[in-house]
Structure formats: C-alpha cells, structure tokens
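The structure under discussion appears below in the form of structure tokens.
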Amino acid sequence: MFINKHDEYPAEGEIQFDAAVTPAIAARKNQNSVIHGEANVLVFPDLNSANIAYKITERLAGYQAIGPIIQGLNRPVNDLSRGCSMEDIYYLGIITGWQAINNKRFSFSETIKSTMYEAFK
C-alpha cells in the first residue's frame, strides 16, 4: 500500500495509466483519488516499462523525450539511448549542467573537471 508522507505533494500509488491521466476515468475507477486523473509524474515498475512508454509517446504523439534523468547520486550523471539525436545530447547536457550547478555537495568546477576527466580518459 502506498502512503504519502508529504501532503504538500499529492500522490497515489499503483494506479492504471488511464486513471492517472484522465479525470473521467479516474472518477469511475478510483472515487477516492487525490490526483483526480491529473498526474504529472509517472513512476514505472522497471526500466523496460518506462522505455516502452516514453518511446511510444515520443514517436506517436510527436513529443520530445529527454532522459533518462538519474537522481540520487553524489554527482550528476545521466544516460543517453544509443538511438539519441544531437538534439537529445544537447538538451540532456543542459540538464546535467544545471544539476552540476545546483549540486550542494561539490563545487561546480570540481564537478565539471571530474565529469570531463571521466568522459575523456
């Protein structure tokens, strides 16, 4: 069972996609919903499920997917798909740079030097 410990951020656990993003379906499937079919973050059970979902959305709906964006590490590290474009590299580079600037554990210059060293060694 999912318990939300942060009331300022409404969240629900283990609901089907249609109920997560469609208010009318959420009203039918989950009358006690706190997000009411207006989810803006989706968490997938594994990497394969997430990859399938984002690639379908990107290709069929014409959206741009950026990521995956990895969180919770000591330094900013992100991943690119083998099928990524130059635009994907550019946008994820901007996000990774922003993560480095906002990383409170290390100075920006230390993080960039370490990242560059790892990339080109």
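The values are calculated or read from the model by the stated rules, or taken from the named source; none is laboratory data. The structure presented is a predicted model; accordingly, all values stated were derived computationally and were not measured. Every residue, glycine among them, receives a Cβ derived from its backbone with ideal geometry; neighbour counts consider all protein chains shown. Keep in mind that these areas ignore ligands, DNA and RNA; they rest on the heavy atoms of the full protein, side chains included. Shrake-Rupley method; radii C 1.70, N 1.55, O 1.52, S 1.80 Å.
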Margin query: What does the charge count around Ala20 come to, taking other residues whose C-beta lies under 9 Å from its C-beta (Lys +1, Arg +1, Asp -1, Glu -1)?
Written below: -3
Checklist line | Within the stretch 1-54: Cβ-based charge dipole about Cα centre, in debye rounded to nearest 20 (Lys, Arg +1; Asp, Glu -1) | finding: 140 debye
Check: Roughly how many percent of the accessible protein surface of the stretch 13-54 is carbon and sulfur, given a 1.4 Å probe and a whole-percent answer?
Finding: 56 percent
Notebook entry, point to check: In debye, nearest 20: dipole of the stretch 1-109 around its Cα centre with unit charges on the Cβ of K, R (+) and D, E (-)?
Noted result: 240 debye
Note to self: Test of the criteria: in the stretch 1-66, which GluC sites (Glu not before Pro) are in a DSSP loop and have at most 16 other Cβ atoms within 10 angstrom of their Cβ?
What the structure shows: Glu8, Glu14, Glu38
Check: Which far-off residues, 5 or more places away or on another chain, put their amide H under 5 Å from the one on Ile69, with H placed in the peptide plane?
Finding: none
Checklist line | Using θ = phi - 60° and Karplus 6.51 cos²θ - 1.76 cosθ + 1.60, couplings along the stretch 84-95 (whole Hz; Gly, Pro as x) | finding: 6, 9, 4, 5, 4, 4, 4, 5, 5, x, 4, 5
Notebook entry, point to check: Which residues in the stretch 27-41 place their backbone N less than 11 Å from a point set 7 Å from the Cα of Ile94 along the Cα-to-Cβ direction?
Noted result: none
Next item on the list: Determine the gain in length on full extension of the stretch Asp18-Gln31; use 0.36 nm per residue of separation and subtract their C-alpha separation, reporting nm with one decimal.
Entry: 3.3 nm
